[in-house]
């Protein structure tokens, strides 16, 4: 880890009319660090994630990202072209519902290859070889490369979505409930895979989840949100083992014990 | 009482023609860019060339000589009707000879005979957006054009190779115009794509239902998209035209009987006739052949 943050967020707020989406969120994210944002539904996690990934413009506040050339650039002052370019090269976005992040009517190989083609790769053989490599890394059989994601199970779709996002070697990945809607054994394998990839590639990630187990497994640091505000933040182990805010205590004690 | 109410010259009123000409000029200024225009109702159904007819009506003058082809042929319903339409509403000379025409309205072919400077080729376009079947949102496709995000176009070609082992798109093959806009060359066979590249003729595209006009000015680069290891190539035919013996032209398959008999003939009827006049014969050529209309002067 370097001593310069990758993403610097300061006093970020998003209002929907008079309703609060998220309010006054400030944090830094360092390269290679995984930050979990937890909270119940409606607490503003997804709004925050959409603002951070510049899919949504905040009402106030700033977020700056350190580009590959080392310069810190303010996200909301970039042109849309630059933001979209960032989104398909240096960033990834893993949606909760894979259908939102995949092209369901083109083959798995093309889904993985799209980003490569978008940045100018024009060699079919190389694109395909990279797609094969990435499919194997996310444990999808090579002979499924020409199948459409429609023919895939939920877990496979999610892994395909991850491959599609990571193929350009991004430095920052946003994940919105990456294990939502999957059964527990599939969840466990996906988490294992994600943890491996994040460590191997040195990815920084912002993971939104309501599942504290996901946060514990994946993240080094977490933020707890309630009603659009951050009520507690700190090292994941510390927050989960010694929650300070009453809401966090409630959240931690609500985990079902099997 | 022979005088009935007459149409304005070339059917459209002058204000409409000005509006369409402005769209055409903008299209020429930004090669390959789809210019929205206020498409009018025409006395024909959408899909029959309402866009092309409006473009032709806006640029045609009394001295023009018009040729209309439908899949390369001068004698099919669409071509005959549109030719008759302009003969009636603009009283212009019409022709079937490529070399004689100043304006050629076409549905899905480019004549075999190379076009020359000063000629205008007007394409009838059903769906102007090359990204449409990959991205259904118009707001998104416009943004993609604006930001030059064309990776998706190659996704389609990738899919072709993955499925068929080669790029199987044979018509409406996407091209990049002057290194900037990706354009649908209308459903012409990809055989005709190379003819668009640096053509001395002005090429105009009209989509009536979709309300878009775009253009390729003379001597503009038109490059078909491809992969380095799967380069663009045109269709080849393993036999010459059965009537005129032409090779390296686009051929239509004609069914001769219900026992599997068929022949391949030039899709460009004018080209085929010219060759027969010059004495070329294919293996199924009739002894004598009827001659089509050729040029009919204005009355």
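FYI, it's all coordinate maths here, none of it is from the lab. Computed from a predicted model, the values in this text were never measured in an experiment. Note: ideal-geometry Cβ built from the backbone for every residue, glycine included; neighbour counts use all protein chains shown.
Inter-label distance, residue A:244 to residue A:129: 5.3 nm, where each label sits 7 Å from its Cα along the C-beta direction. Across chain A, Cα pairs under 8 Å and at least six residues apart give a relative contact order of 26 percent.
Rank the residues A:244, A:164, A:83 as a footprinting-exposure proxy: fewest other Cβ atoms within 10 Å of their Cβ go first. Mind dumping the intermediate values first?
Details: A:244 13, A:164 26, A:83 19.
Fewest-to-most Cβ neighbours within 10 Å comes out as A:244, A:83, A:164.
Give the Rg/Rh ratio for region A:63-175, taking Rg as the radius of gyration of the Cα atoms and Rh as the Kirkwood radius, to two decimals. Please list the in-between numbers first.
Details: Rg = 14.6 Å, Rh = 14.6 Å.
Radius of gyration relative to Kirkwood radius: 1.00.
Here, region B:83-176 yields an orientationally averaged convex hull projection of 9.0 nm² when only Cα atoms define the hull. Projecting label points 7 angstrom from Cα along Cα→Cβ for residue B:168 and residue B:26 puts them 3.9 nm apart.
When the Kirkwood hydrodynamic radius is evaluated over all pairs of different C-alpha atoms of region B:182-277, what value in angstrom, to one decimal, is obtained? Walk me through the intermediate numbers first.
Working: mean 1/r = 0.0627 Å⁻¹.
It works out to 15.9 Å.
Estimated from helical segments only, the mean residue ellipticity of chain B at 222 nm is -7500 deg cm²/dmol, where each DSSP H run of four or more residues counts as -39500 (n - 2.57). Comparing B:72, B:151, B:49 in a Gaussian network model of chain B (Cα springs below 10 Å), the most mobile by mean-square fluctuation is B:151.
Counting 0.36 nm for each residue step from residue B:135 to residue B:41 and taking away their Cα separation leaves a gain of 31.1 nm. Shown here are the Rg and Dmax of the Cα trace of chain A, at 18.2, 56 Å.
Expressed per residue, the C-alpha convex hull volume of region A:92-232 stands at 114 Å³. Placing a label point 7 Å from the Cα of residue B:219 along the Cα-to-Cβ direction, the residues of region B:164-189 with a backbone N closer than 17 Å are B:178-179. With the gyration tensor restricted to C-alpha atoms of the protein assembly as shown, the semi-axes of the equivalent ellipsoid amount to 60, 27, 18 Å, longest first. Per residue of A:124-135, other chain Cβ atoms within 10 Å of the residue Cβ number 3 on average. Remark: B:86, B:264, A:15, B:205 ranked as A:15, B:264, B:86, B:205, counting other beta-carbon atoms within 10 Å and listing the fewest first. Per residue of peptide B:148-161, the mean number of Cβ atoms on other chains within 10 Å of the residue Cβ is 6.
Average partner chain C-beta neighbours within 10 Å, per residue of B:226-233? All intermediate terms of the calculation are to be shown ahead of the outcome.
Numbers: counts 2, 8, 6, 7, 4, 0, 0, 0.
The mean count of partner-chain Cβ atoms within 10 Å per residue comes to 3.
Neighbour counts of other Cβ atoms within 10 Å put B:135, A:177 in the fewest-to-most order B:135, A:177. Once the Cα-Cα distance is subtracted from the 0.36 nm per residue extended length, the residue A:56 to residue A:227 segment shows a gain of 59.7 nm.
Taking region B:51-76 and a reference point 7 angstrom along Cα→Cβ of residue B:15, the backbone N atoms nearer than 20 Å belong to B:54-55, B:57-59.
If R0 equals 25 Å, the separation of the Cβ atoms of residue B:84 and residue B:284 corresponds to a calculated FRET efficiency of about 0.20.
Residue A:81 to residue A:151: FRET efficiency via 1/(1 + (r/R0)^6), r the Cβ-Cβ distance, R0 25 Å, to the nearest 0.05?
FRET efficiency, residue A:81 to residue A:151: 0.10.
Report, in deg cm²/dmol and to the nearest 500, the calculated mean residue ellipticity at 222 nm for chain A, where each DSSP H run with n ≥ 4 adds -39500 (n - 2.57) and the sum is divided by the residue count.
Values: 10 runs with 99 residues, N = 258.
After summing the helix terms and dividing by residue count, I get -11000 deg cm²/dmol.
Note on region A:1-111: Rg/Rh from C-alpha atoms, Kirkwood Rh, equals 0.98. For region B:40-118, the convex hull drawn through the C-alpha positions has a volume of 88 cubic angstrom per residue.
Dividing the mean sequence gap of close Cα pairs (under 8 Å, 6+ apart) by how many residues chain B holds gives a relative contact order of 21 percent. What the pair-distance distribution of region A:130-205 shows, using all Cα-Cα distances binned every 10 Å from zero, is 18, 55, 27, 0 percent. Centroid-to-centroid, using Cα positions, region A:45-62 and region B:195-249 are 46 Å apart. The translational diffusion coefficient of chain B, from Stokes-Einstein at 10 °C and 1.306 mPa s with a Kirkwood hydrodynamic radius over alpha carbon pairs, comes to 79 µm²/s. Does anyone have the angle between helix A:154-166 and the longest principal axis of chain A? Alpha-carbon axes, 0 to 90°, nearest 10? Its long axis makes an angle of about 90 degrees.
Against the empirical 2.2 N^0.38 Å (N residues), region B:1-145 has a Cα radius of gyration ratio of 1.11.
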